[in-house]
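Chemist: Got a structure for you, questions after.
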Amino acid sequence: MPEDTKATEQATSSGPRGGDRPGSDRPRGGGPGRGPGGPGREGGRKFFRRKKVCKFCVERIEDINYKDYRLLGQFVAESGKIVPRRLTGVCAPHQHRLSTAIKQARNIALLPFAGRAS
């Protein structure tokens, strides 16, 4: 009789630890409200993220000048790193020109290589 109980236990659980996947103790799937927009809130509205657009395309800025340190400073973090495209929304061609302009401005000391020392 003990052999029959082992067979039924193996049929009910798919893995040694239980759960939906073999070798996992977590249920399968992301859960309710999880999707490409991130985790959803149960009681409130979903957060709507506006699509980022390229500042240079919108304002029709043709050339990115390395001497314009105020413009370039908007795309440099406090730590001194160049802010990536996914955060700023700048298109690929302008991001390439922007990064070369920032590097040129750093070389002639218009922009810092690193952030402030703490």
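Chemist: Which members of the range 97-116 meet the condition of being under 11 Å from Ser79 (Cβ atoms) and either without any contact (Cβ under 8 Å) to a residue 24 or more places away in the chain or not aromatic (Phe, Trp, Tyr) (or both)?
Modeler: Pro112, Ala114, Gly115, Arg116
Chemist: Please specify each residue of the range 73-96 satisfying the condition of being buried (at least 16 other Cβ atoms within 10 Å of the Cβ) and either of a type in the set (S, T, N, Q) or over 25 Å from Arg49 (Cα atoms) (or both).
Modeler: Correct list: Thr88, Gln95.
Chemist: Then there's this: Residues of the range 84-118 being in contact with a helix residue (DSSP H, G or I) (Cβ under 9 Å, 6 or more places away or on another chain) and among the aliphatic types (A, V, I, L, M), which ones?
Modeler: Scanning the range 84-118 gives Val90, Ala92, Leu98, Ala101, Ile102, Ala105, Leu110, Leu111.
Chemist: For the condition at pLDDT 85 or above, part of a loop (DSSP other than H, G, I, E, B) and loosely packed, with under 11 Cβ neighbours inside 10 Å, what is the one hit in Arg28, Arg50, Arg60, Arg41?
Modeler: Result of the check over Arg28, Arg50, Arg60, Arg41: Arg60.
The values are calculated or read from the model by the stated rules, or taken from the named source; none is laboratory data. Bear in mind that the values here come from a model prediction, so they are computed numbers and not experimental data. All Cβ positions, even for glycine, are placed from backbone atoms using ideal geometry, and neighbour counts span all protein chains on display.
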